[in-house]
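J.: I have a structure here, written as structure tokens, and I will follow up with some questions on it.
Here, each number is a calculation from the coordinates, and none is a lab measurement. For clarity, every value in this text was computed on a predicted model and none was experimentally measured. Methodologically, a virtual Cβ is constructed for each residue, glycine included, from the backbone with ideal geometry; neighbour enumeration extends over all protein chains shown.
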Amino acid sequence: MPTFAEELTLLLTNEDGALLPVQKDAFECALAGAVLMDLAFARRIDTDPRALTVTDDTPTGDPALDRVLAKIAARTEPEDTRKWIRELSVDDAAAIREQVSAGLVARGVLETRDGKFPWMQRSRRRPALDGEPGKRVGRRIEGVLHSNDVPDPRDVALIALLDACDVLPDIFPGRDIERCRPRIEQLRKMDLIGREVAGAVADIERTIALAVRFRSARFREISLLLSIVGGLAAAATLLAPRVPVPDRFGPTWLEQLWSDGTWQQWSGYTLLGLSGAGLSAVLLMRARPVARRGGHGWSRLAHAGIGLACALALFAHTGFRLGANLNAALMGCYLAVLVLGALAGISVNGASRLRRMGITPRLRVVPMRLHVIALYPLPALLMAHLLVVYLY
Amino acid sequence: MSRKAILWILYALATAVAVGVVAMWMVVGGDRGMLPVGATTDAHHQIDMACETCHAAPAFADAATARKAMNETCRNCHEDELRAADDSHSRKKFRDPRMAVYQSRLDARLCTTCHVEHRPEITRAGAVTIAMDFCAACHAEGDQDVRKARPSHADLTFDTCASAGCHNYHDNRALYEDFLARNVGQPWLAPAPTHEPSARHRARRPLGEAAIGRSGAVAPAAALADPTALDHWAGSGHAAAGVNCAGCHAPTAAPGASRAEVEARWTGMPDTGVCKDCHAAQAKTFARSRHGMRGHPLIAAPRDPERRLEAIGLGGGLGKAVAVWFADPPRPPRMTVAEARLPMRADAAHESLDCDTCHQPHAVDIEQAAVEACASCHDDRHTRAYFGGAHHALWRAELAGEVPPGAGVSCATCHMVKIERRGEIVTSHNQNDNLRPNEKMIRSVCLDCHGLGFAIDALADADLVAGNFDGIPAIHVESIEWAARRAAADRDTTFIPPP
């Protein structure tokens, strides 16, 4: 019988073996939760409000589950479900995914495809052999959602897990999941599992829902607002007429801002510093210590705020002037980064709204990818700009 | 190594290579067309890829050194012109420590305080890149407050100082107060309007004894078989001055050389260097003009990448190999009509500018060069309006012998000043020498025929200038009356000679 982790992997992997464009946070939490649910169903762990404990440390035979089981068993200090979800989703999600995928390959469900070029040998994907297993699980879950039959307890637990992670709309794009809400609530209330397991599963589900909400929804509204304002500020640089230099003699701050070398250096290096800070915020978002402390929301908020500050500093540096030659290329690149970054911020922080508007997850990741692509030439252009300024 | 690490290394390498290439363009050689932060002014666009001409400081020099080197370049090219104009705000004046307070407001010791290149957005008339009311920096308070010192200026704003035809920052030869007062009340047209230098220029004749006739031409038989060229030369100033065919076609042959020697040293299409051998003054002024500034001796030569690589420690075989990739693109030695920023005739776009563009190689017809050559390229309203106007009618009358020499007004009369050198009248080939601000033209040209008041008014009327003075000025500049009134008020202490 496939484990929750395996079914989750199949559901969230497309026909080419790539992960569906779900939020990374949600996927990692779901995977951690799936493994814990598997262990709970295998009666290896139990939970109470204070701790998640190992009730039986006999290996299950599944490498991914046994790895987590060994880790929990080895911990001397008891830790609650929330801490385990956080730790497993940050530290172990990648390894769990790799082990689960390898297991599916070993069983002939998935196949391994390496990259085309010799130097890309590590570009490895694992699509389903016939594309069917993931669809089969999907059809089963859909069947449960749209019927009144008594479902399999594992299906109920899997639906609860997917719902807690808010990935059902991503797995079934174009379907109105909200219409299934009463059925999901009904499934949740069904008493199909033994009390001990049910308690642990409910605890895991509740903790995951909180973790996902905490990690992805924290500061979402204000980050969305900052993204929108930042995008408008960047777009204004493109569309608004340049602010003219005052045609009156005398040191005015506007004239100094756009003509004086010292002021230009201040605004330029502020812009450079902000750009570095923006990049640092992204790196922090990926750093494990920050993620473990739930700092994703802060980092995302900081990234959006810095993006807006960059747009304002760009105005101070250029006054809506697009420049010429190399400077024009730099401005084009920088504005593309800002505008696409704002769109990416809107797509991440406004995911639920965009979903309601019928914008598919596949479309939602486009600005993020373009934002990253636009960043690539930026260091070269910035350094060339500095060289031109200081050499000439 | 993981794929991600390989990609990051490749990306870092690509970035380093891109930045390295840009750095090499700047320091070693190569096409720098992508680098300027903005277009150069109309005055310098002809030489905008000879960057080292102005950016003369060594690479990575500090700002003060770079600024100093740049200002030195300005002076190298423009100092003679400023000296000739008796610069009203000379650098020397502002180096006086007592001027320190003014320096802090507007550092007039540096050309780049008011003239910054590559800033088209703030470049105003005369390539000025600060607000045009800049006179306020020094003349708005204290002893220098013109609004207090001169009641006539009490209600004037500083943006009108240089734009109303009253003052120029550098060249006020025709606008300074005493000169205005001395020339008050002149009629608009002189009784016998004649441009004196032009009259002397036209009146000069080559020595008759040196003149060579058609039969005196010494050239290979094939060249002598071209009757048109021979006729043109025989009627030219060259033949009249005793310059035989060899003078241009075999310049290395000794004067009076035999036909055989001339044949041996014959060049069918001599370059314009031979013109410059004899017409050094014209060549010198041409190299200062917008037509010929690419040939100015102070324009930086293309960079030698091998030498520059050697200077940064990349000499030897590696330097030679790299140098191949970083050679400055070849620069056209001559300005072409297609590159001009003024309206030009489309059929002249291919023309490149040198001696033979305006002067036919054999005819050397200065009458043709004075008008037709200009109009064969320039196609603006001012040029088109010349034909059929009063000045053109006078020019035609002069060519027809109906009026005395110098009474006609050609393009060259106004735009190519006649300079007297060692008793010789030489035509300056720097068309820009008295072009902008146009008041520079008053003393060298206009006043020979017109009164000062009329000339100032006419030149202040932009529409009249564009229409090539076909009418009367619609603008009246009051400066001459103000100067006269002030002179009258000061008559007890100041001697004003009668006009």
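J.: Put a dot 7 Å past each Cα toward the Cβ at A:R248 and B:A349; how far apart are the dots in nm?
T.: It is 4.6 nm.
J.: Among the trypsin sites (Lys or Arg not before Pro) within the stretch A:17-70, which fall in a DSSP loop and have no more than 12 other Cβ atoms within 10 Å of their own Cβ?
T.: A:R50
J.: Hey, can you rank B:28-41, B:251-264, B:430-443, A:253-266 by average C-beta count inside 10 Å, highest first?
T.: Going by the mean number of other Cβ atoms within 10 Å, highest first, we get B:430-443, B:28-41, A:253-266, B:251-264.
J.: Provide a whole-number value for the mean count of partner chain Cβ atoms within 10 Å of the Cβ atoms in peptide B:100-106.
T.: Mean number of neighbouring Cβ atoms from other chains: 1.
J.: What average count of beta carbons from other chains do you get within 10 Å of the Cβ of residues in A:379-387?
T.: 6
J.: A further question follows. Got a sec to turn the phi values of the stretch B:336-348 into Karplus ³J(HN,Hα) couplings, 6.51 cos²θ - 1.76 cosθ + 1.60 with θ = phi - 60°, whole Hz, x for Gly and Pro?
T.: Each residue's phi maps through the Karplus curve to give 10, 4, 4, 7, 5, 9, 8, x, 10, 6, 5, 6, 9 Hz.
J.: In addition: Grab the DSSP H runs of chain A that are 4 residues or longer, score each as -39,500 (n - 2.57), total them, divide by all residues and round the 222 nm result to the nearest 500 deg cm²/dmol.
T.: -21000 deg cm²/dmol
J.: Still on this model: Take the alpha carbon atoms of the stretch A:1-60, find their center, do the same for the stretch A:296-366, and report the distance between the two centers in whole angstrom.
T.: Computed from Cα coordinates, the inter-centre distance equals 35 Å.
J.: Would you calculate the convex hull of the Cα atoms in the stretch B:373-444 and tell me its volume per residue in Å³?
T.: Once divided by residue count, the hull of the stretch B:373-444 is 116 Å³.
J.: Now, a different point. Please list the three semi-axes, largest first and in whole Å, of the ellipsoid equivalent to chain B, using sqrt of 5 times the eigenvalues of its alpha carbon gyration tensor.
T.: 43, 40, 19
J.: Using all Cα-Cα distances in the stretch B:77-138, what percent lands in each 10 angstrom bin from 0 up to the longest?
T.: Answer for the stretch B:77-138: a P(r) of 20, 49, 30, 2 percent.
J.: Past 30 Å, Cα to Cα, is the threshold; run B:K92/B:K148; B:K92/B:K276; B:K148/B:K440 against it and keep the listed order.
T.: B:K92/B:K276
J.: Simple spin-label model, 7 Å along Cα-to-Cβ: B:K320 to B:M269 in nm?
T.: Distance between the two pseudo-spin positions: 3.4 nm.
J.: Going toward the positive end of the dipole of the protein assembly as shown, with +1 on Lys and Arg Cβ and -1 on Asp and Glu Cβ, which of A:G103, B:I442, B:P197 do you reach last?
T.: A:G103
J.: If you fit an axis through the alpha-carbon atoms of helix A:325-349 and take the longest principal axis of the Cα set of chain A, what angle between them do you get, 0 to 90°, nearest 10?
T.: 30 degrees
J.: Sticking with this structure for a sec: Tell me, rounded to the nearest percent, the portion of alpha carbon pairs in the stretch B:76-200 spaced more than 26 Å apart.
T.: Roughly 32 percent, once rounded to a whole number.
J.: If you don't mind, another one. Which Cα, out of A:P78, A:I177, A:F41, lies furthest along the positive dipole direction of chain A (beta carbon charges, K/R +1, D/E -1)?
T.: Sorting the options by dipole projection puts first A:I177.
J.: Next question. For peptide B:6-14, how many partner chain Cβ atoms fall within 10 Å of a residue's Cβ, on average?
T.: Across B:6-14, the average partner-chain Cβ count within 10 Å equals 2.
J.: Next up: Once you order the gyration tensor axes a ≥ b ≥ c over the Cα atoms, which shape class does the protein assembly as shown get: rounded for a/c under 1.5, otherwise prolate or oblate by comparing a/b with b/c?
T.: Since a/c reaches 1.5 and a/b is larger than b/c, the shape of the protein assembly as shown is classed as prolate.
J.: Compute the separation of the alpha-carbon centres of the stretch A:243-258 and the stretch B:50-86 and state it in Å as a whole number.
T.: For the stretch A:243-258 versus the stretch B:50-86, the Cα centre distance is 26 Å.
J.: With the cut-off at 1.5 for a/c, could you classify the stretch A:271-383 from its C-alpha gyration tensor as rounded, prolate or oblate?
T.: Cα axes put the stretch A:271-383 in the oblate bin.
J.: Under a Cβ-only charge scheme (Lys and Arg +1, Asp and Glu -1), can you give me the dipole magnitude of the stretch A:218-391 about the Cα centre, in debye to the nearest 20?
T.: 1180 debye
J.: Counting only complete DSSP H runs, which helices of chain B cover 24 Å or more along their long axis at the Cα atoms and score a mean Kyte-Doolittle of -0.5 or above?
T.: The answer, listed by residue number, is B:3-27.
J.: How big is the Cα convex hull of chain A in projection, averaged over all directions, in nm²?
T.: For chain A, averaging the hull's shadow over all directions gives 23.8 nm².
J.: I'd like to know which of A:I208, A:S352, A:T270 lies farthest towards the positive end of the charge dipole of chain A, counting +1 on Cβ of Lys and Arg and -1 on Cβ of Asp and Glu.
T.: About the Cα centre, the residue reaching furthest to the positive side is A:T270.
J.: Under unit Cβ charges (Lys, Arg +1; Asp, Glu -1), what dipole magnitude, rounded to 20 debye, does the stretch B:250-297 have relative to its Cα centre?
T.: Dipole of the stretch B:250-297, to the nearest 20 debye: 360 debye.
J.: Can you tell me the dipole magnitude for the stretch B:63-172 around its Cα centre, using point charges on the Cβ only (Lys, Arg +1; Asp, Glu -1), in Debye to the nearest 20?
T.: About 380 debye.
J.: Can you put A:S89, A:S101, B:S2 in order of Cβ neighbours within 10 angstrom, beginning with the fewest?
T.: In increasing order of surrounding Cβ atoms, one gets B:S2, A:S101, A:S89.
J.: Give me B:I475, B:I480 sorted ascending by neighbouring Cβ count inside 10 Å, so fewest comes first.
T.: The most exposed by this proxy come first: B:I475, B:I480.
J.: To the nearest Å, what is the center-to-center distance of the stretch B:451-476 and the stretch B:404-441, using C-alpha atoms only?
T.: Here the answer is 19 Å between Cα centres.
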